[in-house]
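Written out below as structure tokens is the structure these notes cover.
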Amino acid sequence: MRCMLLSAIPGLFFLLAACADQKEPDAPVQQRDLESDASLANAGKIPEQKVQAERSISAHSRALFDWFDTLGVPVLNDRKYLQIYLGHYNALPDNQLKPNYTYVFLLESTETEKKVYTLDMRNSTYSREDTDMFSGESYRYKEFDLRADVIERLKELRTNHPQIGHLRKFDSRTGDPVALFILARGCYGSGFNQQAEDLIRYLSEMPDFRTGKPVGKEGLKKSLSEDMALSFMQSTRQGFSDSKVTREALLRQLLDIAKHYPESTGAVEARKSAEILFRMIREDEAHSQKKLRPLEEMTVREQVVELIYQLRDQNAESSFSIFTDPRDGGMMHQKVPGKGSPATQLIEMGEVALEQLIEAVDDDSFTRCADSHSIIRVGECCQTIIDRIQPTGRRFDIVGNPQQAKAAMKVWYLGN
């Protein structure tokens, strides 16, 4: 299966190279209590309610929805709309407990779990046995009135001060344009054309956080494409920190971004990253076929070569530090059995590893030290290790002229 993926990827890659959820406004206490008591078993059993479409959908909106349906997303026609209770949170400034909800479209339903599509374009599963990781409370479900929810959201948005700049991206209730667009597609799929058009009109009038100006009717697709690609790139970067997510799976995610949002800035990064990952996967295949001796049976030079190669699996939950690898004790740096991560072993080898580490400072291979904003490369890892071996604190410009930088580093650290 892996070989089939590798043989299919080059053609697909070069073809591509050529070309939140919301918190509901506080409801009256009695109503909130009733909603919270709805159980998993009852979700999706309320008779579906629709209203007659007030007018047909515009050609512009239909084209946007048709485009959205080509992105590998579930078709949101006649989907039940659920409110999921996630527990309570402390609301500032009065620090009072308030209920926390998320809203989703139901894809599949059983007595024990619900498969849903979220307003940030994720497929998720909620199980009766699960609890919210923050509140520790069990999830509760209730079918919700989509049309009434959209009317209320738009009313609030138009009443509040206009959201400008990047701040609207962090409005967890209703300000995210992708979430509003998905609601619009859900409305269209349920026959609520008036609400779908109202949401599209509102999105066209919203200021783009990149320019501060309204995106306009003609610029809406491009703006949404940028937002969607950005969101998926952030989650893909974060995926690098999870060693259970294979490089093949990460490659598929990058290729999907490049395929579905080809003109976005996110697609540019996705294509470059996919090229690196494809090379790494081929290197992994070649490395797995070598008959390597145990590390302790290798020469010192062979040990350094192998440990530098293993830096691609140096792991951390964020890119803040390469030394939060579970093999080094994680964030708490608690002692664990074993020799530690590849980075720690290289540091323990000391100055005998310096010359080979310097040669690898321009290695752009990805490590597993990542968060939603960045991924540490093997070369960056090597620079950090060098500074631990000889803590001078000096950083060399590797990007501009790698060979010149390496020569300067050899003089600085090795005296030659």
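Just a few scattered comments:
- Stretching ARG395 away from GLU296 to a fully extended chain increases their span by 32.5 nm, per 0.36 nm per residue minus the current alpha-carbon distance.
- Average accessible area per residue (Å²) across segment 243-325 - probe 1.4 Å, nucleic acids and ligands excluded: 54 Å²
- Scoring 202-213, 387-398 by mean Cβ neighbours within 10 Å over their residues and listing the highest first yields 202-213, 387-398.
- Here, segment 254-332 yields an orientationally averaged convex hull projection of 7.4 nm² when only Cα atoms define the hull.
- With K and R counted +1 and D and E -1, the other residues having a Cβ less than 12 Å from that of SER372 yield a net charge of -1.
- Extension gain, SER56 to VAL268, is 72.6 nm, computed as 0.36 nm per intervening residue step minus the present C-alpha separation.
- The value of relative contact order for segment 336-416, using C-alpha pairs under 8 Å at least six residues apart, is 29 percent.
- Taking packing as the residue-averaged number of other Cβ atoms within 10 angstrom, the listed peptides 183-192, 74-83, 296-305 run from highest to lowest as 183-192, 74-83, 296-305.
- Shape of segment 293-416, Cα gyration tensor, a/c cut at 1.5: oblate
- Range of Cα positions in segment 262-306 per principal axis (Å), largest first: 51, 19, 10
- Pairs spanning more than 27 Å between alpha-carbon atoms, out of LYS244/LYS410; LYS98/LYS155; LYS221/LYS272: LYS244/LYS410.
- Residues in segment 228-245 carry Karplus couplings, in order, of 5, 4, 4, 4, 6, 5, 4, 5, 5, 4, 4, x, 4, 6, 9, 5, 6, 8 Hz; the curve used is 6.51 cos²θ - 1.76 cosθ + 1.60 with θ = phi - 60°, and Gly or Pro positions show x.
- Whole-percent carbon and sulfur share, accessible surface of segment 202-304, 1.4 Å: 51 percent
- Binned Cα-Cα distance frequencies in segment 286-361 - 10 Å width, integer %: 18, 47, 31, 4
The values are calculated or read from the model by the stated rules, or taken from the named source; none is laboratory data. Everything numeric in this text was worked out from a predicted model, so none of it was measured. Virtual Cβ from ideal backbone geometry, glycine too; neighbours counted across all protein chains shown. Protein only, heavy atoms only, side chains kept; ligands, DNA and RNA dropped before computing areas. Shrake-Rupley method; radii C 1.70, N 1.55, O 1.52, S 1.80 Å.
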